[in-house]
Amino acid sequence: MLKDAYGWLDGLIGELQAELGERVLFVGLQGSYRRGEATEESDIDVVTILDKVDLPTLDAYRRLVRSMPQGELACGFLCGREELLRWPRFDLLQMVLDTQPRLGSWEDLLPGFMAEDTAEAVRVGASGLYHAGVHCWLYEQDRAAALRELAKSVFFLLRMEAYQKTGRYCINKKELEGCISEEERPLLALSRDPAGATADLAQVERLYAQLLPWSAGLMA
């Protein structure tokens with residue numbers, strides 16, 4: 001586990017600028033290190049935007065990342081500027097909100113978002129979660145294990161719904177606790193402690209019974 005994720009990222013930025021110069025437009029951190037929730041198993045989620053991307057550039061990027069201490073933990077998002085502008089807005093919204101810039105700014109790369117983008121992010125997230133929940137209940141032998149796999153998606157949807165309602169983007173689960181309804185707290189508990197929230201079959205059934213109508217309602 002990294003002791004200083006931003007220090008690690010600064011080192012990567014230095015390596016990237018030394019090789020690619022002004023082609024590096026943006027670098028930021030997202031994921032569990034950004035949220036302050038990293039564990040020993042956490043990846044280092046890096047968001048990188050370059051002027052353009054081709055296979056030689058990707059090879060260079062891979063080499064530089066792998067040369068970093070614990071570089072095998074790195075993952076994340078990379079694209080060129082034109083691809084960024086073509087990306088679906090609902091998907092970009094969550095990435096922008098979830099990423100802490102370390103080099104560059106989103107304002108220099110993207111036009112501002114609108115309420116329609118947030119609404120679409122909620123609808124798409126809800127439809128995906130509803131589909132996954134139905135599939136798991138119907139076809140998975142271990143419904144509890146399948147539900148635990150959905151815990152991260154539940155957190156992302158809770159967070160986007162809260163952002164739509166309040167205008168506040170809660171970075172982590174602790175912040176989110178104050179932005180959701182009392183009825184949604186069992187879903188947040190699932191995202192915070194998947195194993196504990198699915199400890200017995202009665203809890204599992206209650207969570208599925210809540211998850212499906214909740215996600216269906218958010219599609220409206």
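Tabulated data
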quantity	calculated
Restricting the range 58-72 to residues that are in contact (Cβ under 8 Å) with a residue 12 or more places away in the chain and open to solvent by 30 Å² or more (accessible area, probe 1.4 Å), the residue that is farthest from the chain's Cα centre (by Cα)	67
Residue ID - farthest from residue 53 (Cα to Cα), chosen from residues in the range 73-124 that are in a strand (DSSP E or B) and open to solvent by 60 Å² or more (accessible area, probe 1.4 Å)	100
Single residue of 191, 215 found to be out of contact with any Lys or Arg (no Cβ under 8 Å at 6 or more places or on another chain), closer than 22 Å to residue 127 by Cβ and not aliphatic (A, V, I, L, M)	215
Single condition residue 30 does not satisfy, out of (1) out of contact with any Ser or Thr (no Cβ under 6 Å at 6 or more places or on another chain); (2) modelled with pLDDT of 95 or more	(1)
Qualifying positions in the range 128-144 - open to solvent by less than 50 Å² (accessible area, probe 1.4 Å) and either small (Gly, Ala, Ser) or not in a helix (DSSP H, G or I) (or both)	128, 132, 133, 144
Options 150, 176, 158: the member that is closer than 30 Å to residue 84 by Cβ, open to solvent by less than 50 Å² (accessible area, probe 1.4 Å) and touching a Gly at 6+ places or on another chain (Cβ under 7 Å)	150
Among (1) touching a residue at least 24 places away in the same chain (Cβ under 8 Å); (2) out of contact with any Pro (no Cβ under 6 Å at 6 or more places or on another chain); (3) among the small types (Gly, Ala, Ser) - the single one residue 32 does not satisfy	(1)
Close pairs (7 angstrom Cβ cut-off, 6 or more residues apart or separate chains): closer than 22 Å to residue 90 by Cα and modelled with pLDDT of 95 or more in the range 192-220, open to solvent by less than 30 Å² (accessible area, probe 1.4 Å) and among the β-branched types (Val, Ile, Thr) anywhere	218/122
Scan of the range 35-48 for residues that are out of contact with any Ser or Thr (no Cβ under 8 Å at 6 or more places or on another chain) and touching a residue at least 24 places away in the same chain (Cβ under 8 Å), ordered by number	35, 36, 37, 40, 44, 46, 48
Index of the failed condition, residue 208 passing every other in (1) more than 26 Å from residue 30 (Cα to Cα); (2) touching a Ser or Thr at 6+ places or on another chain (Cβ under 9 Å); (3) among the hydroxyl-bearing types (Ser, Thr, Tyr)	(2)
When residues of the range 159-191 are limited to those that are touching a residue at least 24 places away in the same chain (Cβ under 8 Å) and among the aliphatic types (A, V, I, L, M), the one farthest from residue 142 (Cα to Cα)	171
In the range 195-220, the residues that are in contact with a Pro (Cβ under 7 Å, 6 or more places away or on another chain) and either β-branched (Val, Ile, Thr) or closer than 30 Å to residue 116 by Cβ (or both)	210
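The values are calculated or read from the model by the stated rules, or taken from the named source; none is laboratory data. This is a predicted model, so every value here is computed, not measured. Using ideal geometry, Cβ is built from the backbone for each residue, glycine included, and neighbour counts are taken over all protein chains shown. Heads up: the accessible areas ignore ligands, DNA and RNA and are worked out on the full protein's heavy atoms, side chains in. Shrake-Rupley method; radii C 1.70, N 1.55, O 1.52, S 1.80 Å.
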